[in-house]
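Scroll down for the structure; my scribbles are underneath it.
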Amino acid sequence: MADYLLALVQTAVLLALAPLLTGIIRKLKAWMQSRRGPPIFQPYLDLAKLMRKGSVVSQDASWLTSLTPYVCLASMVVAALLVPAFVTESFGFLGDLIVLVYLFAMARFFMALAALDAGSTFGGMGSSREMLVSSLIEPAILLSFFTVALLTGTTSLVSVTSLLATSGASLIGPALLLAFAAFFIAILAENARIPIDNPSTHLELTMIHEAMLLEYSGKDLALMEYSSMVKLTLFITIAWSAFLPWGVATQVTAPDLALGVIIFLVKLLALALVIAIIESSMAKLRLFRLPNLLTGAFILAFLAVMSYFVL
Amino acid sequence: MIALGAIATTAALVTARKERLCIQLSFGISAVAAIMGLLTSISVFLEGDLTFEFIAFPFLGPFVIAIDPLAALFLASISIVGLAAAIYSLGYVPQFIGKYSIVKFCALFPIFLISMAMVVASSNVLLFLIFWELMSLSSYLLVAYEHKEEGAASAAWLYFVMAHLGTACIAACLLYLSYASGSLDFHQIALYAGQGMTELARSSAFLLALVGFGAKAGIVPLHVWLPQAHPTAPSNVSALMSGVMVKLAVYMLIRTAFQFLHVDILWWGLLTLFIGSLTALIGVLYAIAEKDVKRALAFSTVENVGVILIALGAAMVFYAQDMLQLAALALVACLLHVLFHSLFKSLLFLAAGSVVHATGTKDMERMGGLAKRMRYTSLLFFVGALSISAIPPFNGFVSEWLIFQSLLLSYTIQDVTVNLLMAIALGMLALTGALAAACFVRIFGSVFLARPRSEVAKQAKEANRGMLLAMSILAVLCLLTGVLSAQIIPFVDQASADIVGVSIGSQITDGWVLEVNGGEVSSVSPILLAALLGLMIPFAFLLVRSLGGRTTRAKGDTWDCGTPLSPRNEYTPTGHSQPILRIFNPLYRSKSSFTFDPSSSPYSKQKMGYSSSIPKLFEAYLYEPVARAILGVAKRASVIQAGSVQRYLAYIFAALVILLLVFR
């Protein structure tokens, strides 16, 4: 029972930290661009403000538009239950890495449809492009997950994390690193980051993710924004837990847990810094340049699988 | 059940004059027959095989009708879909009154249904071939039913030719096997066929079966008839064809490969795996490009047949390597996908049928906004779309999860080539799955969401109660079979255990959890996921309402940049899939062109046009050359047919002399 309590605490931490992580990335980007930037707690304030605002719903929209924010939130919360962050306890029997991919697919499926619902050109554009990006990146994610599944003999994320974390550094090889690289591209693609999409733009013709949220306002928008923040946090956490989990607490003792939490925070910050550097130093790619990058991720993941068998 | 089918047909013929009565009797009795079929298959699962013998022709030995668990599984899927299609027909068929012959439809429908049931029940080569042919013919006539529609005749003709090419291969394969084993009985063939045959003979028998049944199942490149014929048939028939009929080919392929030929050659499985991957990818790519809603669904059937063959191929590879546990796992995954696909694809076809019925068009460009006008139909279609896109906890997700697991466990095979081929198949499956989601976002979005793009879509009315009831049955089953999959798998396992010889039902289910063991346990619990998601949504709703206080929720216009939006501002299905088309263009070779009105100045175009078309590559590069070659040979050969009786007599005489010389 205590195990599950710990897992719940872990999920709660992930859910609570999500806006902070977004705030930190924004702050880091601002520093790199010689701006002061908003305070790191600004996303919490934004969400709180949106929760108090009324919303306008398009008169062309159907039941789907009202349902989608709740489905997105629910799928992210359930996904958060499955991801070990600083301790290898979670509700892993509920679902494995494949389930995680499909939970994200669920949120995306609803979001892409809700984007079409109001009949706005921008929504359609976002929906169409999102499905393009996702259909190219999803195979890369699955293949990179299969690489770690091959290394550990299981697709259960908790088992993967604890097996890798207890097995010493001998497993770090080309397979693991290639898979991590593929998954890193997937983080950028799935979370609408530069160079795939620009999270801070509202320049009409280039946006993907923002275009899908264009018709949302008030509480609905708060839910959608919060879901994407949780998604980013989850992806970064999964990147560490599934590929390079060293430092996570595999035993429930106070020193291990404390170390696990500290290392987890450092890891989050590290990838946040990398994302901020990429976003400050690169421009967004043209839409039809994207397939090169995305299939690149697929090929990296495939090379990872190959190197497992061949090397 | 046969008797009921016969009664339904006769009733239809007798009541020919009273069309409404005819419809009610025919489909009512068909529904009862379907329920009987379902009860039969349940009794097989609970009490064991049913066998029934009768002697029709003394010199051919007894005809055996036997229903083992594998047959019972397919019988169950025929019955469920048949039941739904029959109920649906009560509300759907009356639209044809006055346009087409009602009697014909009411007589053919039960024949089609019963012949499918008998195909799985027959345990004798001749009996099987008779019902297989009856199934092909009755469905051919049903495809040609709306013969006044454009293209119906040619689609039916193409189907007719391809079905009979397939039947020829199947007949050759089965008759050869029965020759080798000295019996027409399936049971005897299973016991003796493998022994006396050389490796070459067995491989060619397998190839014949793969081509023959593949033609029926719609494997690439033999799929060309499927996207023509399935959408052309009335929607209740399309549901049966796509949902069930193509699976019967898979059924016999499993029987032939495992029971008759005892898959012991590795490359059979690898070939099946390769064809499956190719079929899945080509199917989904064409589904994404299609504007006709029913044809897009038909291409998606091609895709799913590919997915089923990937699982079947994996099972064959494992079996050939004597890894029976894994073979059983892959076969369970394959059979589950067969069963689940029959549920969601028939649901989608029936819902698409309602839409086509309400709007009078199959063109998605002319739909839109139907979620408000056909609220229930849109919800039911949505359930089908979620299932087919493998969104948890719906049923498509469960079978896809198991297929991924069984492909992944191929790493235990000690053969790098096989490992890499399996990994490629896995990548293809992942790509296919992601593209299928894109495809169904596009279909659902352009049919049901946004504003109506034509007058007919604006006037659309909700489907009637019979149709909604039939679809609701299937939709509820799509959710339940997914959520309760741990409870269904033991039955499917019974069917696969009969084939592979190893039962793994108790290993992959643990209460409410599905588990696969590859050293460490990987698990998923669809029912708990469903419960969590189901609880989370209302909980989030209540939480959000209380956070931040009550707020207003107003109706307003979609953001329009200051110019009033018309349906022309929406994304159309063509626009939605354009990026994917452009990226995969080397595979499509699509042609698009812009036209400008020459009278206007080059800087301000008054009139612009855009057209794009996707050539039918397989028809153009594969079938046409073959057809041309056959016609050419026929033309040459026609030289000897001069039309004079004396010459023909001379030919006969010459042939006789040669035969006498050879077989003296």
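The values are calculated or read from the model by the stated rules, or taken from the named source; none is laboratory data. No experiment lies behind these values; they were computed from the predicted model shown. Cβ sites come from the backbone with ideal geometry, for glycine too, and all protein chains shown count toward neighbours.
Overview of values
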{"item": "Qualifying residues in segment B:65-85 (those that are without any contact (Cβ under 8 Å) to a residue 60 or more places away in the chain and part of a helix (DSSP H, G or I)) - the one nearest to B:GLN24 (Cα to Cα)", "result": "B:SER79"}
{"item": "Criterion (under 25 Å from A:VAL99 (Cβ atoms) and in the same structural domain as B:SER525 (by TED's automatic domain parsing)) met by exactly one of B:GLN459, B:GLN405, B:GLN414", "result": "B:GLN405"}
{"item": "Search result, residues across segment B:91-106 that are surrounded by 22 or more Cβ atoms within 10 Å (Cβ to Cβ) and among the hydrophobic types (A, V, I, L, M, F, W, C)", "result": "B:VAL93, B:ILE102, B:PHE105, B:CYS106"}
{"item": "Matching residues in segment B:434-448 - criterion: being within 7 Å of chain A (Cβ to nearest Cβ) and over 18 Å from A:GLY123 (Cβ atoms)", "result": "B:ALA434, B:LEU435"}
{"item": "Check on A:ALA242, of a type outside the set (Ser, Thr, Tyr), buried (at least 23 other Cβ atoms within 10 Å of the Cβ) and within 12 Å of another protein chain (Cβ to nearest Cβ)", "result": "no"}
{"item": "A:ALA149 vs. criteria in contact with an Asp or Glu (Cβ under 9 Å, 6 or more places away or on another chain), within 21 Å of A:ALA301 (Cα to Cα) and among the small types (Gly, Ala, Ser)", "result": "yes"}
{"item": "Single unsatisfied condition, B:ALA463 versus (1) part of a helix (DSSP H, G or I); (2) in contact (Cβ under 8 Å) with a residue 60 or more places away in the chain; (3) aliphatic (A, V, I, L, M)", "result": "(1)"}
{"item": "Flag for A:LYS49 being touching a residue at least 12 places away in the same chain (Cβ under 8 Å) and of a type in the set (Lys, Arg)", "result": "no"}
{"item": "Conditions (1) without any contact (Cβ under 8 Å) to a residue 40 or more places away in the chain; (2) more than 29 Å from B:ALA84 (Cβ to Cβ); (3) surrounded by 20 or more Cβ atoms within 10 Å (Cβ to Cβ): number failed by B:SER525", "result": "(2)"}
{"item": "Near pairs, Cβ below 7 angstrom, 6+ apart or cross-chain, from segment A:217-234 (under 15 Å from A:LEU271 (Cβ atoms)) to any residue that is outside any helix (DSSP H, G or I)", "result": "A:LYS231/A:ASN191; A:LEU232/A:ASN191; A:LEU234/A:VAL83"}
{"item": "Residues located in segment B:506-554, provided they are within 42 Å of the chain's Cα centre (by Cα), within 7 Å of another protein chain (Cβ to nearest Cβ) and assigned to a helix (DSSP H, G or I)", "result": "B:LEU528, B:LEU529, B:LEU532, B:LEU533, B:MET536, B:ILE537, B:ALA540, B:PHE541"}
{"item": "Verdict on B:LEU127 being surrounded by 22 or more Cβ atoms within 10 Å (Cβ to Cβ), farther than 30 Å from B:TYR192 by Cβ and either touching a helix residue (DSSP H, G or I) at 6+ places or on another chain (Cβ under 6 Å) or hydrophobic (A, V, I, L, M, F, W, C) (or both)", "result": "no"}
{"item": "Top-ranked residue of segment B:370-387 - restricted to ones that are touching an Asp or Glu at 6+ places or on another chain (Cβ under 9 Å) and buried (at least 24 other Cβ atoms within 10 Å of the Cβ), ranked as nearest to the other protein chains (Cβ to nearest Cβ)", "result": "B:ALA371"}
{"item": "Residue within segment B:174-185 that is touching a strand residue (DSSP E or B) at 6+ places or on another chain (Cβ under 7 Å), in contact (Cβ under 8 Å) with a residue 60 or more places away in the chain and not small (Gly, Ala, Ser) present", "result": "yes"}
{"item": "Meets criteria (over 15 Å from A:ILE208 (Cα atoms), modelled with pLDDT of 90 or more and more than 7 Å from chain B (Cβ to nearest Cβ)) for A:THR155", "result": "no"}
{"item": "Within segment A:290-306, tally of residues that are within 11 Å of chain B (Cβ to nearest Cβ) and either surrounded by fewer than 17 Cβ atoms within 10 Å (Cβ to Cβ) or among the hydroxyl-bearing types (Ser, Thr, Tyr) (or both)", "result": "3"}
{"item": "Extreme residue, nearest to the chain's Cα centre (by Cα), among residues of segment A:21-43 that are part of a helix (DSSP H, G or I) and surrounded by fewer than 17 Cβ atoms within 10 Å (Cβ to Cβ)", "result": "A:GLN42"}
{"item": "Conditions (1) touching an Asp or Glu at 6+ places or on another chain (Cβ under 6 Å); (2) among the small types (Gly, Ala, Ser); (3) closer than 30 Å to B:SER406 by Cα; number of the one not met by B:ALA450", "result": "(3)"}
{"item": "All positions within segment A:106-128 that are within 7 Å of another protein chain (Cβ to nearest Cβ) and within 18 Å of the chain's Cα centre (by Cα)", "result": "A:MET106, A:PHE109, A:ALA112"}
{"item": "Residues of segment A:64-105 classified as of a type in the set (Val, Ile, Thr), over 18 Å from B:TRP401 (Cα atoms) and facing chain B (nearest Cβ under 7 Å), total", "result": "2"}
{"item": "Answer from B:ARG451, B:ARG465 - the residue that is within 12 Å of chain A (Cβ to nearest Cβ) and not aliphatic (A, V, I, L, M)", "result": "B:ARG451"}
{"item": "A:THR121 crowded, with 24+ Cβ neighbours inside 10 Å and β-branched (Val, Ile, Thr)", "result": "no"}
{"item": "Count of residues meeting criterion [of a type in the set (Val, Ile, Thr) and more than 29 Å from B:VAL356 (Cα to Cα)] in segment B:116-161", "result": "4"}
{"item": "Any chance B:ALA430 is in the same structural domain as B:ILE527 (by TED's automatic domain parsing), among the small types (Gly, Ala, Ser) and not in a helix (DSSP H, G or I)", "result": "no"}
{"item": "Scope segment B:126-152; condition touching a residue at least 24 places away in the same chain (Cβ under 8 Å) and either of a type in the set (D, E, K, R) or touching a strand residue (DSSP E or B) at 6+ places or on another chain (Cβ under 8 Å) (or both); matching residues", "result": "B:LEU126, B:LEU127, B:PHE128, B:GLU133, B:GLU146, B:LYS148, B:GLU149"}
{"item": "Single residue of segment A:275-311 satisfying the filter (of a type in the set (Lys, Arg) and either in contact (Cβ under 8 Å) with a residue 12 or more places away in the chain or in a helix (DSSP H, G or I) (or both)) that is nearest to A:SER134 (Cα to Cα)", "result": "A:ARG289"}
{"item": "Options B:VAL263, B:VAL220, B:VAL250: the member that is at pLDDT 95 or above and either on the phi < 0 side of the Ramachandran plot or not small (Gly, Ala, Ser) (or both)", "result": "B:VAL250"}
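Residues checked against (1) over 16 Å from the mean Cα position of the chain (by Cα); (2) part of a helix (DSSP H, G or I):
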| residue | (1), (2) |
| --- | --- |
| B:GLU146 | yes, no |
| B:CYS169 | yes, yes |
| B:ALA180 | yes, yes |
| B:HIS187 | yes, yes |
| B:GLY196 | yes, no |
| B:ARG202 | yes, yes |
| B:LEU208 | yes, yes |
| B:SER242 | no, yes |
